[in-house]
Structure formats: structure tokens, C-alpha cells
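To start, the structure under review is shown below, and the notes come after it.
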Amino acid sequence: MSSLLAVSNSLAETVEQAGSAVVAINAGTRISSSGIHWHHGIIITSDESLQRYDEITVTLSDGRSVPVTFLGHDPSTDIAVFQLQDVEIPVAKIGDATTLKVGHLVLGLARSREGDLRAAMGAISVITGAWQSISGGKIDQFIRPDINLYPGFAGGPLVDVSGDVVGMNTSGRRGTALTIPTATVNRVVEQLVAKGRISRGYLGLGMQSVRLPDNLKTTLNLTSAGGVIVVNVEPSGPADNSGVLLGDVLVTFDGVNVSDTGDVLALLNNSDRIGKNVKVQVVRGGVLVELALTVGERPTKED
């Protein structure tokens, strides 16, 4: 019994310490989401839990509600960033999500609009390598903790038993918990704080995945099972300026085979390609054509 009490007291202490950097995000919804004081003056939360980005306040551990300023968001990784000014609260102790293993005990933390700290405990049920969200965001690890994301837990931290924050919790399919790892959060936060947006490559194309006939693959000596057919070309866009035509089937990009639109999005997520001249290969009328293309920068909705 004494051993169980020691474990229980240790977990409660971990929750209290890590929870001091957890805030409630008040964005006009009936139930507040949670946020993490990631760096000094920088609050992060789940972007999909927000219905607006202005007139946001956060509730602190002492129950005070203070205003924050919206800095930017990246829907593809579900991260929104706000600035907290002239208020001193503890900063999260950021850990390394790559140290997690299946079976490790973890805690999901949240804070209510009234300032109450909340916790849920579980274990890591799935952990794999990098993956890509449906909107093209690169997530460095797939982490699924076996915890219940009760209302208000989205945007809160996943904490290991040492009290380190190893990621931000969000909702996956059918309400399951997913965690955006610290490496992804750090990368996105750095860009949003510096620029207010995430820079991604842009071709100015509408594309759709297609399979290539076996005889065509043999004739053209193609190794990919498919490609992406061009269904729309933006006038004067990067691809249009490079001579890409409607009906072209893109099969390689910068020396990499592309068999579906997800492959193209993943390659364009690398901001280092913006402004770079790359070689692309397209199948046009049964002939393999190579084009030189300068990658543009994806415009924002405001643009």
C-alpha cells in the first residue's frame, strides 16, 4: 500500500508542476480548450479547437483571465500560436518525444475556464515514424496515447512521468487522442513567431492521382505505379510558366517518384525548395517530357 501511495503522490506532484504552464483558451466557445506556455510569452493550442482568433483570453492557474495576441496558425499541423505579454507564469519543461515507447505511462493535462487543473492518465498505445496530415502537414512522429480527451483537453500537453511535455494533444478520427510531438511544435512555432505563417512550396496546379498502364510504364521505363494528372493550371503560376499543360501526368519531382498527390505535398512542405529550380518529368501523349520548374511560395488566404 505504501508503494502505491508513493506512486500516487508522485503523479499528483508531476501534474501540479507541469500543470502550472497549462492555461485555458477562451475563444467564444461554450467549452474552453487548453493551451501550453511553450516558451516565454508564447502560448500554443490546437488550431481546430478555435472558432476565432481575435478577442482571445487565457485563464491562468490563479483564475485570472488575461488577453493574448494571435501570432499565426498552421492548420496542417493543428497548431495556433498566441503571445502573452506582461504576465509571468511558469514555462513548460519541454522534453523529447523520441524517448517515448509503447507502454510508457503518460498524462494528458487541461485547464478549465474557471482555472481548475484537470488530468487523465494512460499509456502510449501506438508510436511510429513521421507521417503526413490530410492537409499536407509533416508530423515528425505518430503518437497515440491511450487517454480520454475529455472536453477542454484539446491543445493541452502530453506529459511523461518525469514531468516533461512531450507534445500537444489533439483529436484524431472518432475522437481518439493524437499527440503532435515536440519536434513538430518547435519547428512550427519558430516559423509562426518569425513570419506569422508557414512557408511551403507552390506549383499552381490542380492534381489528381492516377494509375499508369503497365505497357506505358514498360515503354517509358517508369518505376512508379502511378502519377498525378494535371486537372487545372493556374495562369501565370509556377507550373504554367514552366510549360506544364492540362492532362500532363507528373511522375517525378526533383528526382523523386510521385505516385499520388500526397507525395507532391510532402515534397513541397520543404520550404528550402521555394525559389529553387527543379526538374520534373511528365507523361504527355505517351511521351516522357522533362521540364525545368521554379517552385513558388504558397499564397496565404489573405493574399
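The values are calculated or read from the model by the stated rules, or taken from the named source; none is laboratory data. Everything numeric in this text was worked out from a predicted model, so none of it was measured. For neighbour counting, all protein chains shown are included, and Cβ atoms are generated from backbone atoms with ideal geometry for every residue, glycine included. These area figures cover heavy atoms from the full protein model, side chains too; ligands, DNA and RNA do not enter into them. Shrake-Rupley method; radii C 1.70, N 1.55, O 1.52, S 1.80 Å.
Observations on the model:
- In the chain, helical runs assigned H by DSSP with n ≥ 4 each contribute -39500 (n - 2.57); averaged across all residues and rounded to the nearest 500, the mean residue ellipticity at 222 nm is -5000 deg cm²/dmol.
- Rounded to the nearest 20, the size of the Cβ-charge dipole of segment 90-166 about its Cα centre is 120 debye, with Lys and Arg at +1 and Asp and Glu at -1.
- With 10 Å bins from 0: P(r) over segment 43-169, alpha-carbon pairs, percent: 12, 41, 36, 11, 0
- Cross-link partners of K138 among lysines (Cα-Cα below 29 Å; sequence separation of 8 or more within a chain): K93, K101, K195, K276, K279, K301
- Listed residues M121, M207, M168 arranged by accessible area, highest first, probe 1.4 Å: M121, M207, M168
- For the chain: Kirkwood Rh in Å [reciprocal of mean 1/r, alpha carbons]: 21.1 Å
- For segment 126-285, the share of accessible area belonging to carbon and sulfur comes to 49 percent (1.4 Å probe, ligands and nucleic acids excluded).
- For segment 96-140 versus segment 1-42, the spacing of their alpha-carbon centroids is 13 Å.
- Under Karplus coefficients 6.51, -1.76 and 1.60, residue-wise ³J(HN,Hα) of segment 64-79 in Hz, glycine/proline x: 5, 10, 10, x, 10, 10, 6, 9, x, 8, 9, x, 5, 10, 6, 10
- Separation of the Y150 and K93 label points, Cα + 7 Å toward Cβ, nm: 2.4 nm
- Net +/- balance of residues flanking M207 in space, Cβ distance below 13 Å, scoring K and R +1, D and E -1: -4
- When only the Cβ of Lys, Arg, Asp and Glu is charged (+1, +1, -1, -1), the dipole of the chain relative to its Cα centre reaches about 540 debye.
- Among Y53, Y202, the order of accessible area from largest down is Y53, Y202, computed with a 1.4 Å probe on protein heavy atoms.
- Accessible area in square angstrom per residue, segment 113-238, 1.4 angstrom probe: 48 Å²
- Accessible heavy-atom area order of E290, E88, highest first, probe of 1.4 Å: E88, E290
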